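Visitor: Below is the structure I would like to discuss, written out as structure tokens.
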Amino acid sequence: MGGSLTYPYGSTSAVRGHVLAALGVLKVASADQIRRLTCPGHKDSKGVRNACLDLAKHGLTQSDGFARDGQKLWGLTPIGITAAAEALGRPAADMGGNARGAARSGAPHAMAVNETVIALTGTQPVPTRPIARATPTPAPATPTGPATAATSAVPPGFGSVWSWATEVVHNLPGTSRTRPSVRADAVLRAPEAGLPVLLVEVDRCTEADEVLAGKFARYHQYFRVKIKDPTIPAAQAVHASLSVPLWQSLYTPTGRDGYPPIAVVFEPGTRLGEQALKNRMNRVLGLTREHWSGTYQKLGGYGGEPDGYIDFTDAIPVLFTTLDRIQESGPLAPVWWRCGHRRWETLTDALDNPRDRRAWRRRENERSAAREEQEARQRKEGTAPAGDWSQRHIPAQPEPAFPPSPPCETCGGPLKSLGGEDPSAPLPDGRTCEACRITEAAQPPTGLFKALFGRQDKHPRDEPPAWL
């Protein structure tokens with residue numbers, strides 16, 4: 001198709017928009033990757049290549065090298081980044097860099113990230129409008145090989161090119177020069193598919209297991225940071241409960257317990273065999289256990305039955321998969337392994353927490369309903385025990401046993417009489433009973449007590465007076 005003076009390679013505005021959007025997300029990509037991500041209905045990549053050449057004429061795109069499979073790689077210029085921001089509807093400050101120099105080494109990691117984004121998106125081919133020809137050409141009897149491959153069915157996925165961002169930096173609080181950060185390979189935001197946020201890490205299995213596991217420690221540190229709630233005036237934001245997580249200033253809450261999920265896509269290529277890849281997954285799973293495992297909370301069940309749940313409030317949902325799995329079956333298939341689960345699941349099931357507080361509450365309601373149904377059946381049959389149900393299930397409390405009181409030191413009887421207390425009796429002394437106290441009070445004083453406090457008798461009873 002012939003071009004014009006402005007666009008000599010004959011590209012259309014729609015394809016040029018696709019190229020700007022794709023390169024604004026992927027940073028560096030081949031024409032075939034751009035086609036499969038944005039317009040897989042095209043039979044080949046010629047239209048995308050022409051759009052890249054036309055944009056290069058206007059200083060928006062550039063090519064710095066070739067991929068390891070020989071495909072030419074394209075990127076954006078600083079002016080092209082601004083144009084891509086307009087095509088994506090994002091602020092230019094959120095576009096990131098232009099990955100200058102990555103294409104000179106073949107950009108192997110960027111190519112793996114691109115293939116992951118393409119496989120997770122699963123853009124469906126849309127037939128292009130046929131172009132009117134002056135001389136119609138007869139249709140071939142059988143479709144050609146490349147055209148058939150280009151329009152073959154693609155497993156559907158999540159979102160579109162506008163749902164993605166790559167090389168997203170998450171800064172932790174600190175000074176400008178020493179501020180720690182963690183960089184996500186890709187971030188998907190597709191709330192229409194039930195994914196408010198999904199962080200993606202692509203692992204080519206070229207670094208040590210500890211290096212990959214250490215990235216989750218930085219993620220955990222970032223997710224725990226809290227800031228003042230921007231919706232509350234500064235004069236009122238003086239209490240810690242008014243703070244919100246820092247990550248919620250960038251992403252919408254997931255609606256589930258825990259932090260945003262992180263999907264690790266392993267792409268070993270020919271570097272690792274199947275068993276070696278499994279061993280790497282198991283080692284990374286063990287090294288990151290403290291970040292994805294929740295805390296068990298023990299609670300009493302209905303009627304005193306032991307039960308509990310796992311609290312995932314401070315846990316990161318970590319999912320494993322491989323690039324060849326999602327390319328072959330699509331991300332909607334059971335190709336996800338959630339750390340802590342024991343089977344391959346769909347993404348929806350993998351992100352669910354089947355042992356959280358909701359599950360405990362559901363079991364508690366089921367036990368309560370079963371017991372109420374049993375009680376109703378017993379009342380209907382007349383076999384229910386008498387009394388209130390709640391009282392029947394409370395065990396009988398034994399009567400408190402008091403130690404026996406000591407006997408009277410004088411008579412050996414009980415200290416307390418069964419009758420009323422005599423008001424004329426001396427006060428209780430804890431040693432003698434009431435009768436003994438009355439008897440002892442009636443006795444005259446003797447001995448030293450009499451000599452000190454007793455009254456001297458002027459006329460002894462046993463001897464007559466002296467004057468008689």
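Visitor: Going by amide H atoms built from the backbone, whose H comes under 5 Å of the H on T77, apart from near neighbours?
Guide: T61, Q62
Visitor: Something else about it: Using alpha carbons only, how many angstrom separate the centre of region 325-358 from the centre of region 2-45?
Guide: That distance is 34 Å.
Visitor: Now a separate question. When the Karplus curve 6.51 cos²θ - 1.76 cosθ + 1.60 is applied with θ = phi - 60°, which whole-Hz ³J(HN,Hα) does each residue of region 291-298 get, with x for Gly and Pro?
Guide: Rounded to whole hertz, the list is 8, 10, 8, x, 10, 6, 10, 8.
Visitor: Search the structure for amide H atoms under 5 Å from the amide H of G413, placed 1.01 Å from N in the peptide plane, and list their residues when 5 or more places away or on another chain.
Guide: It is C408, by chain and number.
Visitor: If you roll a 1.4 Å probe over region 336-380 with all protein chains in place, what percent of the accessible area is carbon or sulfur?
Guide: 44
Visitor: Taking θ = phi - 60°, what integer Hz values does the Karplus form 6.51 cos²θ - 1.76 cosθ + 1.60 yield along region 111-116, in sequence order, with x for Gly and Pro?
Guide: 5, 5, 5, 4, 5, 5
Visitor: Using the Karplus equation 6.51 cos²θ - 1.76 cosθ + 1.60 (θ = phi - 60°), what ³J(HN,Hα) coupling, rounded to whole Hz, does each residue of region 63-70 give in order, writing x for Gly and Pro?
Guide: Values per residue, Gly and Pro as x: 10, 10, x, 10, 6, 5, 8, x Hz.
Visitor: For region 241-301, which whole-number percentage of the solvent-accessible area (1.4 Å probe, protein heavy atoms only) is attributable to carbon and sulfur atoms?
Guide: Solvent-exposed carbon and sulfur of region 241-301 make up 50 percent of the total.
The values are calculated or read from the model by the stated rules, or taken from the named source; none is laboratory data. Keep in mind that what you see is a predicted model, and the values were worked out from it rather than measured. Surface accessibility is based on the protein's heavy atoms, side chains included, excluding ligands, DNA and RNA. Shrake-Rupley method; radii C 1.70, N 1.55, O 1.52, S 1.80 Å.
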